[in-house]
Amino acid sequence: MSANNTQPTPPTATPDAVKDAAFLKACRREPVPHTPVWFMRQAGRSLPEYRKVREGIPMLESCMRPELVTEITLQPVRRHNVDAAIFFSDIVVPLKAIGIDLDIKPGVGPVVEQPIRTRADLDRLRDLTPEDVSYVTEAIGLLTRELGPTPLIGFAGAPFTLASYLVEGGPSRTYENAKAMMYGDPELWADLLDRLADITAAFLKVQIEAGASAVQLFDSWVGSLAPTDYRRSVMPASAKVFDAVAGYGVPRIHFGVGTGELLKLMGEAGADVVGVDWRVPLDEAARRVGPGKALQGNLDPTVLFATPEAIEAKTREVLDAAAGLEGHVFNLGHGVMPSTDPDALTRLVEYVHTRTAR
């Protein structure tokens, strides 16, 4: 277990080598030796070594084995030379930890046995304690020792996306039940998101106190909302999460898919770094977000299936659009797709590092 667990502000105990990492410098909008690179879903299905160690182990169980989590998290760092590791877990882990009956079904995603639909159902969402996720603390302690100067990113699902899974009972394309609650019973919706904000904040605090150097809040499905609905019905809960971890001093990243119309609001919710998908060029994203924020992104993940020449050309477009940014972390505009060639990712990291060397 990491000694950092007893520290009220863990970043003060972070080694200088980690503090000075290119990834954290870019998040803080400081000069960097090269544009840092990491990939969402870099630890996972695209790696044969991942499939080998996960063989026969259900997803949620694999998230609760500290040694396995450590190995999976380290795999892309070893293979790709990325500038940050992201903790291997799943956004529904804290919900499972507090007793919600759910499972991650292969080919489907998280499925909730009894969806949250009424005020009485809120009683099933109890507070998350560090003891509920002791395996997270143990895994991060192992990881920070192994990673050395490479920063570790912790993460959680944002209240809206968690609520979508809980209310729908599983993945959805329309979010009809969640939106029906949001529009039809705004008080119940607000109470649901507020409770999820507390659970999410507690989960992020555990990760930071164990040694995570940055955190990312994934609001994967919030792009389904109009800005007015986001501001009124979602932003207060996301802001509560970011505010709860502000005192730790670690960079806070906010990412969602299809959120071009929400970028400014997502920054205003409290992020230090705003993640951008591939639909909005980074220079335009910077205009929408406004000053004082770093940006992360935003190569289309499907570009990695093209020729090496095409990948380089599209990567140059991203880097050129990012040339005037205060801070830029190179990433894909969404997660690595399962059938991606790992060698394409390795070459991409090397290309970005070489082309942006200062």
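Results, tabulated for the structure shown:
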quantity: Cα-based equivalent ellipsoid, region 232-322: semi-axes from gyration tensor eigenvalues, Å; calculated: 28, 13, 12
quantity: DSSP beta bridges in the chain [antiparallel fraction, %, rounded to 5]; calculated: 15
quantity: For region 146-231, with +1 on Lys and Arg beta carbons and -1 on Asp and Glu, the positive-most of 172, 224, 147 along the dipole; calculated: 147
quantity: Positive-pole candidate from 53, 35, 267, dipole of the chain, charges at beta carbon; calculated: 35
quantity: Net charge of neighbours whose Cβ lies under 11 Å from the Cβ of residue 149, counting Lys and Arg as +1 and Asp and Glu as -1; calculated: -2
quantity: Relative contact order for region 201-358, counting Cα pairs under 8 Å that sit 6 or more residues apart, in percent; calculated: 18
quantity: Inverse mean reciprocal Cα-Cα distance (Kirkwood Rh) of region 109-241, Å; calculated: 15.7
quantity: Whole-Hz ³J(HN,Hα) from phi, Karplus 6.51 cos²θ - 1.76 cosθ + 1.60, for region 220-236, glycine and proline x; calculated: 4, 10, 6, x, 7, 9, 7, x, 4, 5, 4, 4, 7, 10, 10, 4, x
quantity: Mean projected area (nm²) of the alpha-carbon convex hull when region 299-358 is viewed from all directions; calculated: 4.0
quantity: In region 120-203, the trypsin sites (Lys or Arg not before Pro) that fall in loop regions by DSSP, at most 15 other Cβ within 10 Å; calculated: 126, 173
quantity: As computed over region 124-198, the Cα convex hull volume per residue (Å³); calculated: 121
quantity: Cα pair count fraction exceeding 18 Å, expressed as % - region 1-160; calculated: 64
quantity: Within-10-Å neighbourhood charge of residue 44 [Cβ basis; K, R +1; D, E -1]; calculated: +4
quantity: Neighbourhood charge, 9 Å Cβ-Cβ cut-off, centred on residue 102 and excluding it, Lys, Arg +1 and Asp, Glu -1; calculated: -2
quantity: Inter-part distance where region 210-247 and region 28-99 are each reduced to a Cα centre, Å; calculated: 21
quantity: Residue-wise HN-Hα coupling along region 248-264, computed from phi with Karplus coefficients 6.51, -1.76, 1.60 (Hz; x: Gly, Pro); calculated: 6, x, 8, x, 10, 9, 10, 9, x, 9, x, 9, x, 7, 10, 4, 4
quantity: Per-selection Rg to Rh, region 158-305 - Cα, Kirkwood hydrodynamic radius; calculated: 0.96
quantity: The chain - mean residue ellipticity at 222 nm from DSSP helices (-39,500 (n - 2.57) per run, n ≥ 4, rounded to 500); calculated: -13000 deg cm²/dmol
quantity: Rounded percent of accessible protein surface that carbon and sulfur make up, the chain, 1.4 Å probe; calculated: 50
quantity: At 1.567 mPa s and 4 °C, Stokes diffusion of the chain via Kirkwood alpha-carbon radius, µm² per second; calculated: 64
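The values are calculated or read from the model by the stated rules, or taken from the named source; none is laboratory data. Keep in mind it's a predicted model, so treat the numbers as computed, not measured. Backbone-built Cβ (ideal geometry, glycine too); neighbour counts: all protein chains shown. The area values use the complete protein model at the heavy-atom level, side chains included, leaving out ligands, DNA and RNA. Shrake-Rupley method; radii C 1.70, N 1.55, O 1.52, S 1.80 Å.
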